[in-house]
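What follows draws every value from the coordinates through simple rules; no lab data is involved. Computed from a predicted model, the values in this text were never measured in an experiment. When we count neighbours, we look across all protein chains shown, and the Cβ atoms used for this are built from the backbone with ideal geometry, even at glycine.
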Amino acid sequence: SQTYNGRSFTLGNHVPVYAINTNGTQLIGTRTTGVPVGNGFLMYFVGPSSRTNALTATAPADVTLTANGYLNQGTIPVQLWTGATTLSYTTQDASHPYPGLTMVGNPYPSTIDLSKVLSDNSTSISNIYVLSAKNSPNQTYIAYTANGTSAPNQGYAVSGEGFFVTAKSAGKTLTFKESQKASTIQLTGTGLIMSAPNAQVKDQSISHQLMAAEPQGDALTGLYMKIERDSTTYSYCGIYFRKDWSAAFGEDDAKDMNGTTAPIIISSLSTDNIRASVNHMPDYTKGVNVKLYTNASTNGQYKLKIEDVRNIDTLYDIYLLDHYKKDSLDIRRYGTYIFDIDKSDTSSYGGSRFELSVRPRPLPAYRLLSFTAQKVSGGVQVSWKTEAESDYTGFILQKQDG
């Protein structure tokens, strides 16, 4: 609500915040600001309050954040202040790219399990976004839905960590519960908010596979696609299949929040051309093609990899089609495709170069070579020989009365 003033660090919209109180009162633009428990906030640090002239270059200054007060316990409801009905997925504009998005924060002195948060609030929220520092310095938003994630080894929020949720409609409430605290894992390390001040990077030694909630009565089926520049610069998207899902973007999908200027980018495109970090697609058994969006901030050589192919029958090939090079690769078999991005050539990146194609594998024709039967003690012995039956052919014996 403050008038913009770019010349000073102490006037207009740069009025400094000295303290943030969880007193339930929201007073943005004052020196002491209230943020209700369980809400989230972005900290924009521009330097000490002794700086009065924003036009003069100043050496960066360190900052220490301290917290004191009571530890939160019990059930904590958080009012979600936006609704997904603000705009439809197909009528979004630049000022409302993510309808329903609200930032919340882990209020407990404990790691929480995001799968439980999502499950407990399934009528209020459709997905969760966590800004992961695990592949620092290339921070990316990891999306988590009830039917899959955009990257492996995620699914927890440490004490005090903020994350985004998407409200299904206006007027919804998210509820934090004691039962959402992680029972088998507490993330540890010097970079956590409740530890001594240090670089805000999660402990690199922690690696826990997120077990996404499986659809009712149907095993989770899908895969991860990964773009990689080197061992520390990479990003993922998740693609999942089920017969009752739509190829168009829907409530259960998760938009890619990582923009188009990150060091490396990969998304899966819905049929209505929306970039998704988690994309739910129809059944693959009749064959399906999924377009990929790839990009990077600099020219260079990159890799596309397929990981964690889950419950897609081995009788199906997964090919990566490169329309730019007019090439293809059995990526299910070989795993990695190396390619170049040239920022001066828009055909070398974007949403029109790569496509995944899932198709039944061509198989040799099945042949019955012989079939004999003879009477033996106690019945009839039937024998037959076949060719090219593979592991998809079954045999049913029928006996004709008389």
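Of all aspartates and glutamates in the structure, those lying under 12 Å Cα to Cα from K243, and not within fewer than 8 positions of it along the same chain, are D218, D283. In units of the rule-of-thumb radius 2.2 N^0.38 Å, the stretch 279-356 shows an alpha carbon radius of gyration of 1.16.
Over the stretch 314-372, the hull volume per residue, using the convex hull of the C-alpha atoms, is 95 Å³. When you count the other C-beta atoms within 10 angstrom of each residue and take the mean per peptide, 106-112, 74-80, 176-182, 277-283 line up highest first as 277-283, 106-112, 176-182, 74-80. With the simple spin-label model, which puts each label point 7 Å out from Cα in the Cβ direction, the T66 to S383 separation comes to 9.0 nm. Overall shape of the stretch 236-283 was characterised from the C-alpha gyration tensor. The equivalent ellipsoid obtained from it has semi-axes of 21, 10, 8 Å, in decreasing order.
Per Stokes-Einstein, at 20 °C and 1.002 mPa s, what whole-number D in µm² s⁻¹ belongs to the stretch 255-305, with the Kirkwood radius over Cα pairs as the hydrodynamic radius?
Reported coefficient: 175 µm²/s.
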